[in-house]
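The values are calculated or read from the model by the stated rules, or taken from the named source; none is laboratory data. Remember, it's a predicted structure, so these values are computed and weren't measured experimentally. Cβ placement follows ideal geometry from the backbone for every residue including glycine, while neighbour counts extend to all protein chains displayed. The area values use the complete protein model at the heavy-atom level, side chains included, leaving out ligands, DNA and RNA. Shrake-Rupley method; radii C 1.70, N 1.55, O 1.52, S 1.80 Å.
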Amino acid sequence: MFIYDKLLNISTLNDMVVENPTHKDVDLADILGANWPTHAGAAAMILNKNKTSVEGNSNDEGQPKSSNPLSIAVKDESLGHTISDYQRLIEIPGTELAIGSLVEVSDSGVCGDVYGVIRWIGIPPGISKNVLVGIELEDEPSLKNIPLSDGSYNGLRFFTCHQGRAIFVTSDRCKTDRRFTDKDSYHVGNKITNNQEINFGAVACPSISGSVPPLRIHSSDELQKICGKFKGIQGHHNSCYLDATLFSMFTFTSVFDSILYRSPGPKDIRNYRDVQKVLRDEIVNPLRKQLFVRSDSVMKLRELLDQLSSVSGLTCEEKDPEEFLNSLLSQIMRVEPFLKLSSGQDSYFYQLFVDKDEKLTLPTVQQLFEQSFHSSNIKLKEVPSCFIIQMPRFGKSYKMYPRILPSQVLDVTDIIENSPRQCFLCGKLAEYECNECFGSLQVGSGLECTAFCQQCLVTFHMHAKRNNHVPTKICIPKDFRIMADHMVVPRVYMELFSVVCIETSHYVAFVKSGSGPDAPWCFFDSMADRKGEQNGYNIPEMTCVPELTQWLSDEGARSINETSPNDKVLPDHAKRIFCDAYMCLYQSTDTMMYH
């Protein structure tokens, strides 16, 4: 990018000569390159000359060498430095610049200033006074002979961005981005973040330590009293994917609470407690206690996730909920996967893959769920505490079905491996399963009609259309077989507690405010309104939706689907949940207490 970018490590490397005698003579032209434009000055003339007049001056290995070699230390590959050898910092000592700060890097007017955000700060091994700063540039520079990267430096990856958008410079070359230092000042509810004045409104959001239980609301009237503007999580800078997901995960349920309190283990990352503390004390506890989280608190989590996971752009770019969940659950907090599949794979969420059935005008999640598991021929090894299901849609626009009915209760009995099941004909303990019977019967539907006791299996498959089916035996626990004749075989259900929706790249959520069939629902939008323009802030809002329970019932959904064939005449909230569902979250109240 600039000449100094080529020189950024000369002083650093000179320091290494004192502390590390392992060094070689390196040609200055090899470091700075030899294709400099003429407007770069006298240094360019010398370097370019070295390229064309090398025949009479070679080193011992016969390689061209300039007439003024600079004896500096270079990394000896045998040293084998890794990222852990670098002393990582959160901020540049003696300054207000930190990870996430907006900065400018100047080259004294040769090529103009460039701007970006600090993505990494640290001290290279063996060096005590030079701080190295990794910066992701906001624009791809049109410069030549400049060491640009994708977040890698000296063969090591420190962060990830698009190729040609990262530079590494010494800290003395960084200063606050001047474009954001002349903003109007505010006297209430504002915060200096990354040296940039940002207004978040007048509602305070103090950190709350300790353990705060989720909210439990039992009636629509009770829910209505706590809804309104400045409720929920305040959105900022493309954060809706994260806001809607966090609100769904923690406001009214404790199914994810183990993330907040599990002590770090030997395999956890060094920053485990930092992420856990920000998530619990800065976001979840304020959300549950005062029902409001300001966006600067969420930005702390976004910055940590952006730095510590392989998912880049979490602080500013549009993302999907599964990218956030993968970053938080898998890479940072090392949460045990919720879904353990019979195929040997583990997962945090399940994507529905089905062939479109043109006869289904309003398929339910239960129907699509059973079709997907049947076609993939897999089962779950155990009942999960949480089941996150992604709808059959691809990207933000293509939807397999224009409308989908989120099932309020998900029956998972028939997809649990070796779980006791009922014979669908007589109701006794099933001993066999015939997957070929799925979808081929006039009576019954779904996976429940694939389970048979031995007598019913023989009788039912005497029909010519079914006598070539190949059933498989169900492995029934011995203890249960003894009790089977004296009890009804139980079915296993999971309860819907949230539906995350998307429309034109904006995520919102419907969240159930309690447990049970009568618990009311609310609608949450982290960017429902806005105060001001460029220097303004978003206003989150919670809205009580008392009609939702009726809409989600079989009768209510059928009625609204038939009376409103055109999406434009659907009630707004009905359109959101039927047409825009992106992810359905289910919980098992029986198993969540053990996870």
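For the full complex of protein chains and a 1.4 angstrom probe, list Thr170, Thr176, Thr95 by accessible area with the highest value first. Could you put the intermediate results ahead of the total?
On the way: Thr170 10, Thr176 35, Thr95 60 Å².
Solvent-accessible surface, decreasing: Thr95, Thr176, Thr170.
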If I ignore ligands, DNA and RNA and count only protein heavy atoms, how much of Met483 is accessible to a 1.4 Å probe, in Å² to the nearest 10?
90
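Cα convex hull of segment 487-541: how many Å³ per residue? Spell out each step's value before the answer.
Numbers: hull volume 5.5 nm³, N = 55.
Enclosed volume per residue, from the Cα hull, is 101 Å³.
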Table column - 3J(HN,Hα) (Hz), segment 231-236, Karplus curve with 6.51, -1.76, 1.60, x for Gly and Pro:
10, x, 10, 6, x, 6
Per residue, the convex hull enclosing the alpha carbons of segment 467-595 has a volume in Å³ of 248
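Looking at the square roots a ≥ b ≥ c of the eigenvalues of the Cα gyration tensor of segment 226-285, which shape do they give, rounded for a/c under 1.5, prolate if a/b is larger than b/c, or oblate?
Details: a/c = 2.61, a/b = 1.80, b/c = 1.45.
Since a/c reaches 1.5 and a/b is larger than b/c, the shape of segment 226-285 is classed as prolate.
Checking the table Lys356/Lys575; Lys229/Lys289; Lys428/Lys473 against a 19 Å threshold on Cα-Cα, which pairs fail? Please report the intermediate quantities before stating the final value.
Values: Lys356/Lys575 21 Å; Lys229/Lys289 16 Å; Lys428/Lys473 15 Å.
Cα-Cα > 19 Å for Lys356/Lys575; rest within.
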Dipole of segment 486-574, positive end: most advanced residue of Ile539, Ser513, Ser564 [Cβ charges, Cα centre]
Ser513
Accessible area per residue, Å², segment 457-595 with all protein chains present, probe 1.4 Å:
52
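At 1.306 mPa s and 10 °C, plugging the Kirkwood radius over alpha-carbon pairs of segment 206-364 into Stokes-Einstein gives what diffusion coefficient in µm²/s?
Values: Rh = 17.3 Å.
In µm²/s, the coefficient rounds to 92.
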Built amide H within the under 5 Å cut-off of Trp120, gap 5+
Gly134
Could you please put Ile577, Ile482 in sequence from largest to smallest accessible area, using a 1.4 Å probe?
Ile482, Ile577
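Hey, if we sort Lys340, Lys175 by accessible area with the 1.4 Å probe, largest down, what's the order?
Lys175, Lys340
Taking only the alpha-carbon atoms of segment 517-581, what semi-axes of the equivalent ellipsoid follow from 5 times the gyration tensor eigenvalues under a square root, in whole Å, largest first?
Whole-Å semi-axes of the equivalent ellipsoid: 29, 15, 7.
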Of Lys267/Lys379; Lys175/Lys319; Lys267/Lys381, pairs whose Cα-Cα distance is over 27 Å:
Lys267/Lys379; Lys175/Lys319
Output wanted: per-residue J couplings in Hz (rounded whole) for segment 327-332, from phi through Karplus 6.51 cos²θ - 1.76 cosθ + 1.60, θ = phi - 60°, x for Gly and Pro.
5, 6, 6, 7, 8, 9
For segment 240-381, what % of the accessible area comes from carbon and sulfur atoms, probe 1.4 Å?
46
Rounded FRET efficiency, nearest 0.05, which uses the C-beta distance separating Asn271 from Thr82 and R0 of 25 Å:
0.90
